[in-house]
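Structure record follows, encoded as structure tokens.
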Amino acid sequence: MELTQRPRRLRRSEAVRSLVRETSLHVDDLIHPLFVTEGKSTREPIESMPGQYRFSIDELVAECQTLSRLGIPAVNLFGYSTEKDDMATGSYDPEGLIQRAIRGIKAAVPELCVQTDIALDPYTYHGHDGLVIDGEVVNDETVEVLCKMALSHAEAGVDWVAPSDMMDGRVGGIRRALDGAGYTNVGILAYSAKYASCFYGPFRGALDSAPKKGDKKSYQMDPANSREALKEIALDIEQGADVVMVKPALAYLDVIAAASATFDVPIAAYNVSGEFGMITAAAERGWVHRETAIMETLTGIKRAGADMILTYFAKEVAEILK
Ligand code: PBG
């Protein structure tokens, strides 16, 4: 056969493959989500997420030291709050769990970029990301509480706040609140295109934060839409988001690709708990090779256009890449 192009020539050896490789995953692309709980010297295994833990603050700080030593640049904190009420007042308590966790980490590992989730679900009985008034998740009243929450994290020393609530106007509200108090250096990683997804199931088990009634479809996006994602992202950039996120990642790779082609801000993607669970469970059964599945998945998310990836595999990947 006479062929001028034989693409297989570029696949003949690992050396050649490495020369033509278009995408590579680095430890500095990774953000490790971590769960925090009250107590001392505890690492509670999370049943719905094998290998992940709820850390007491002392253990959390130790884990952050390990992650930082492995080269992971950032962590994203979620609180397992027992302080629940109708107004989510626990979310902005200056002595709250997350506020103390931020101070602990920044004192011990100042170089680590500490990010925190901004949403009310762990702090309300009903488990919604916003306040519920007359059966409805209300927007503007929720934004006021989210601003207080973000401000209390800024006072504790957070680097970036990450609003995951999907209320309208919250990025602008938080930006104004932070700037008004002099926290112009605190960044906003906005969950801009966050879909109403079944893939958050294991996470809600970890935080005991599943909505008691109804679902989150009146604020999180319909999985069928992509133009709407670009609109949400554009609005968040206008309002001052530094980084925008698409979440989940795997069923939304087209959205990641469209976002990175359309906007000139860094794009984050969240490899969520259900995606973690699919690889974990299939690997346990011997159906896929765990390490290879993790690397292939995260490389795919990066190839789609993500500049940074939140993933529960971050520590494992850092160890693999070493
Ligand atoms: C809370 C929040 C959720 C996740 C991140 N922040 C759950 C939800 O919206 O119900 C999901 C993360 C994951 O599944 O890994 N607003």
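Each reported figure results from applying straightforward, stated rules to the coordinates on display, with no laboratory input. This is a predicted model, so every value here is computed, not measured. A quick note on method: Cβ atoms are made from the backbone with ideal geometry, for glycine too, and the neighbour counts reach across all protein chains shown.
Given springs between every Cα pair under 10 Å in a Gaussian network model of the chain, which of Thr299, Thr311, Thr124 has the largest fluctuation?
Thr299
Which percent, nearest 5, of DSSP beta bridges in the chain are antiparallel? Each step should come with its number before you reach the end.
Working: 5 of 38 bridges.
Taking every DSSP beta bridge with both residues in the chain, the antiparallel ones total about 15 percent.
Can you work out the FRET efficiency for the pair Ser218 and Thr4, with r the C-beta to C-beta distance and R0 = 56 Å, to the nearest 0.05? Don't skip to the answer; put the middle values down first.
Details: r = 57 Å, r/R0 = 1.02.
Given R0 = 56 Å and the Cβ-Cβ separation, E is 0.45.
Got the relative contact order for the stretch 195-322 handy, in percent, Cα pairs under 8 Å and 6 or more residues apart?
Details: 144 pairs, mean separation 32.8, N = 128.
Relative contact order for the stretch 195-322 comes out at 26 percent.
Based on the mean of other Cβ atoms within 10 Å per residue, sort peptides 158-165, 8-15, 19-26 so the most packed one is first.
Numbers: 158-165: 24.5, 8-15: 9.2, 19-26: 11.4.
Descending packing order for the listed peptides: 158-165, 19-26, 8-15.
Counting other C-beta atoms within 10 Å, which of Glu275, Glu44, Glu296 has the fewest, and how do the rest follow?
Details: Glu275 22, Glu44 16, Glu296 13.
Result, fewest neighbours first: Glu296, Glu44, Glu275.
Once amide H atoms are placed 1.01 Å from N in the peptide plane, what residues at a sequence separation of 5 or more from Ile118, or on another chain, have their amide H within under 5 Å of its amide H?
Under 5 Å from the amide H of Ile118: Ala162, Ser164.
In whole Å, what is the distance between the alpha-carbon centres of the stretch 238-317 and the stretch 18-90?
16
Can you tell me, using C-alpha contacts under 8 Å and at least 6 residues apart, the relative contact order of the stretch 1-139 as a whole percent? Could the numbers behind the result be given before it?
Working: 201 pairs, mean separation 29.3, N = 139.
Across the stretch 1-139, relative contact order equals 21 percent.
Taking every Cα atom in the chain, find the radius of gyration and the maximum pairwise distance Dmax, and write them in Å.
Just the Cα atoms of the chain yield Rg and Dmax of 20.0, 74 Å.
Considering Cα pairs under 8 angstrom that are at least six residues apart, work out the relative contact order of the stretch 105-222 and quote it in whole percent. Mind showing how you got there, number by number?
Numbers: 164 pairs, mean separation 34.0, N = 118.
Dividing the mean separation by the residue count of the stretch 105-222 yields 29 percent.
In whole Hz, what ³J(HN,Hα) sequence does the stretch 208-214 give by Karplus (6.51, -1.76, 1.60; θ = phi - 60°), x for Gly and Pro?
Whole-Hz 3J(HN,Hα) from phi for the stretch 208-214: 6, 10, 5, x, 6, 9, x.
Which of the residue pairs Lys213/Lys302; Lys40/Lys315; Lys106/Lys194; Lys40/Lys84 have a Cα-Cα distance greater than 32 Å in the structure shown?
On the way: Lys213/Lys302 36 Å; Lys40/Lys315 23 Å; Lys106/Lys194 28 Å; Lys40/Lys84 21 Å.
Correct reply: Lys213/Lys302.
Just round it to a whole percent: the fraction of Cα-Cα distances in the stretch 274-322 exceeding 17 Å. Please list the in-between numbers first.
On the way: 380 of 1176 pairs.
Cα-Cα pairs of the stretch 274-322 separated by over 17 Å account for 32 percent.
When the helix-only estimate is applied to the chain (DSSP H runs of n ≥ 4, each -39,500 (n - 2.57), divided by the residue count), what is the mean residue ellipticity at 222 nm, nearest 500 deg cm²/dmol? Walk me through the numbers before you get to the answer.
Values: 11 runs with 124 residues, N = 322.
Using -39500 (n - 2.57) per qualifying helix, the result is -11500 deg cm²/dmol.
Averaging over all projection directions, find the projected area of the Cα convex hull of the stretch 64-215 and quote it in nm² with one decimal place.
Numbers: hull surface 35.7 nm².
Taking the Cα atoms of the stretch 64-215, their convex hull projects to 8.9 nm² on average.
Pick from Lys106, Lys247, Lys302 the residue whose mean-square fluctuation is largest in a GNM of the chain, springs joining Cα atoms under 10 Å.
Most flexible of the set in this elastic network: Lys106.
Let me make sure I get this right: for the stretch 156-241, a, b and c are the square roots of the gyration tensor eigenvalues over alpha carbons, sorted descending. Under 1.5 in a/c it's rounded, otherwise prolate if a/b > b/c, else oblate. Which is it? Walk me through the numbers before you get to the answer.
Working: a/c = 2.50, a/b = 1.42, b/c = 1.76.
The shape class here is oblate.
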